[in-house]
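Values in this text are rule-based calculations from the coordinates and carry no lab data. Since the model is a prediction, treat every value here as computed from it, not as a measurement.
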Amino acid sequence: QTVSCCDAQNRVLVDGKPLNEPYIYYQQGLGNKQAPFKPVKIPQGQLWVMGDNRNNSYDSRYQNGAQADPVRGTVPVDNVIGKARLIIWPPSRWQGVRTDDPHAMSMPAPPIEHSNVPPGAPLGAGFVLAVPTVWTGRKVRALVRDKRGRRR
């Protein structure tokens, strides 16, 4: 697949078709546009990843010298260990992750620019939830690897 940015409506294109990404968040003060990038042909077995906080994400567009060589910003499929289920940072955006299919075209939703968290929600809960999640992920990865550091 080839990924590029952007069409006239500021949407990412995959093989020339715009994605429907209602989860994109544009941080206030940074504008409501994502930074354009050159078309990238994604190698087999690799993924192109972009953050939901699109105007403030250090994602595939910037990793490993990707601005000079975009393919260097891709991630091996084997490095993926799970599916995102929750948004916990920033606390003002706590919510479950929707399972929208970005390839399914429908009316694009406006960018999320407000909080879905009720006033007075405890801010420390995100950290309380994050610590066991990170710890569990590390333990699971350790169990999957053999003594030589390879995956089973």
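If the chain between residue 81 and residue 98 were fully stretched, how many nm would it gain, using 0.36 nm times the residue separation less the Cα-Cα distance? Can you show the working numbers first?
Values: separation 17, 0.36 × 17 = 6.12 nm, distance 1.83 nm.
Full extension from residue 81 to residue 98 adds 4.3 nm.
Which length gain, in nm to one decimal place, applies between residue 47 and residue 71 when the Cα-Cα distance is subtracted from 0.36 nm times their residue separation? If you can, show how the numbers build up before the last one.
Numbers: separation 24, 0.36 × 24 = 8.64 nm, distance 0.96 nm.
That pair, residue 47 and residue 71, stretches by 7.7 nm at full extension.
What does the C-alpha gyration tensor say about the overall shape of the range 1-73? Classify as rounded when a/c is under 1.5, otherwise prolate if a/b is larger than b/c, or oblate.
Numbers: a/c = 1.90, a/b = 1.32, b/c = 1.44.
The shape class here is oblate.
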